[in-house]
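The values are calculated or read from the model by the stated rules, or taken from the named source; none is laboratory data. Because the structure is a prediction, the values reported are computed rather than measured. Neighbour counts run over all protein chains shown; Cβ positions are idealised from the backbone, glycine included. Surface accessibility is based on the protein's heavy atoms, side chains included, excluding ligands, DNA and RNA. Shrake-Rupley method; radii C 1.70, N 1.55, O 1.52, S 1.80 Å.
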Amino acid sequence: SRVEVGPRVLEPMALAVRQPGTDRSQSVQQGFTREGLSYELSSKTDEQKALAITELAAKGESFVTTHLDHLIAELRRSYSPDVKEAVCKSVMAAGASAAPFYHDLANLIEDNDPQVKYWGCLAIGSIGNAASGSKSRIRSLLQDPSEAVRFGACSALGGIQAEDCAADLKEKLSDASPEVQGAACLALAKVGAVGAPFAPIVAQKLAEPRSRANALKALGLMGIEGGKHCKEVVECLCDDDSETRAIAASVVGKMSDYVRDTPNALNRILEIARDEDGRKRIA
């Protein structure tokens, strides 16, 4: 699912780094040098800069890390939401390697543009607990009027493993937005053992299609507490959405010990394996 901000649609974390475009005149080539990137960032329009940075992000962690100082320098001087978003995508590709620059990214979560705040949160979360110094500012965004910003704040708190924010994340399981509820589910799973006791509430979110995928992923990370809900996870093998079925199959695999010890879950899998719908049998 995607998170909407007014007329704009924001991509979820899994789709955050777009594939390279087809306009070769503006592409970052494989052998692109630091000097070449410096030229691109000093001579192009904001739209062209954003495209070049986004394509660089698609090249992966090692390539992005080599150019990260140039990208952060551009972030510091840019007023363009598109450039800010593109730099965040690059940081997400770099992951923990971007830790020295997390203060620059933390500034984005105070931007006036909800989309920039959203991407800033995702970027900070991708760095991991090395960015935990931004926790208090992210925590305040859980009450932001923007659905996308609340989604991003949940994701960031999970990414930095903010254990002491588990109670705050639990409150977001009742958010007005199912997407935010789903982000809170996954964040609770990522903060560690303190989030596992909320597995029964997370399992309830399987009933809502817009929070289902993240609720599934969360239960798969919650160990024995998540495994107690393996029967509900098995039912998601019959979901109409192919991606959700694939996620459910992966989580069932992680819960295999619990499934074997839960007769009604195992029997349900055997029933689905005989279903006339081939999509369900494949799952």
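Details
- Taking the longest Cα principal axis of the chain as reference, the axis of helix 209-221 is set at about 80 degrees.
- Placing +1 on the Cβ of every Lys and Arg and -1 on the Cβ of every Asp and Glu, with nothing else charged, gives segment 242-283 a dipole about its Cα centre of roughly 60 debye.
- In this structure, the pairs whose alpha-carbon distance is over 25 Å, taken from 59/280; 117/190; 49/217; 135/254; 49/89, are 59/280; 49/217; 135/254.
- Counting only protein heavy atoms and a probe of 1.4 Å, the accessible surface of the chain is 48% carbon and sulfur.
- All Cα-Cα distances of segment 133-283, cut into 5 Å bins from zero to the largest, leave 2, 11, 20, 20, 18, 12, 8, 5, 3, 1, 0 percent in each bin in turn.
- Solvent-accessible surface (1.4 Å probe) assigned to residue 231 amounts to roughly 60 Å².
- For the chain, radius of gyration divided by Kirkwood radius, i.e. Rg to Rh on alpha-carbons: 1.03
- Measuring with a 1.4 angstrom probe and ignoring ligands and nucleic acids, residue 198 comes out at about 50 Å² accessible.
- Alpha-carbon centroid distance for the pair segment 220-283 / segment 38-117, whole angstrom: 39 Å
- Leading residue at positive end of dipole, the chain (Cβ point charges), from 79, 178, 234: 234
- With Cα atoms, 0 to 90° folded angle of helix 178-190 axis to the chain main axis: 90 degrees
- Label point distance in nm, residue 224-residue 250, each placed 7 Å from Cα along Cα→Cβ: 2.6 nm
- Choice from 136, 97, 126 showing the highest fluctuation, given a GNM over the chain with Cα pairs closer than 10 Å: 136
- Relative to the current alpha-carbon distance between residue 79 and residue 65, full extension at 0.36 nm per residue lengthens the span by 2.8 nm.
- Å² of accessible area per residue within segment 165-231, as computed with a 1.4 Å probe and no ligands counted: 36 Å²
- Folded to 0 to 90 degrees: helix 114-127 orientation relative to the chain principal axis, Cα: 80 degrees
- Cα pair distances in segment 32-116, grouped into 5 Å bins until the bin that holds the longest one, percent each: 3, 16, 31, 27, 18, 5, 1
- Computed over the chain, relative contact order equals 11 percent, with contacts defined as Cα pairs under 8 Å that lie 6+ residues apart.
- Accessible-area rank, largest first, for 102, 79, 118: 79, 102, 118, with all protein chains present and a 1.4 angstrom probe.
- Rg over Rh [alpha-carbon atoms, Kirkwood Rh] for segment 208-263: 0.94
- Cβ charges +1 (Lys, Arg) and -1 (Asp, Glu), total dipole of the chain, debye: 400 debye
- With a cut-off of 12 Å between beta carbons, the residues surrounding residue 49 carry a summed charge of -4, where Lys and Arg count +1 and Asp and Glu -1.
- Ranking 274, 279, 268 by solvent-accessible area of protein heavy atoms (1.4 Å probe, all protein chains present), from largest to smallest, gives 274, 279, 268.
- Considering only 259, 233, 91, the mean-square fluctuation computed in a Gaussian network model of the chain, springs between alpha carbons under 10 angstrom, is largest for 259.
- Counting only heavy atoms of the protein chains and using a 1.4 Å probe, residue 103 has close to 110 Å² of accessible surface.
- Within the straight-line cut-off of under 18 Å between alpha carbons, the aspartates and glutamates reachable from residue 170 are 144, 147, 179, 208, 225, sequence neighbours fewer than 8 places apart in one chain being disregarded.
- Placing dummy labels 7 Å off each Cα toward the beta-carbon, the span from residue 242 to residue 44 is 3.3 nm.
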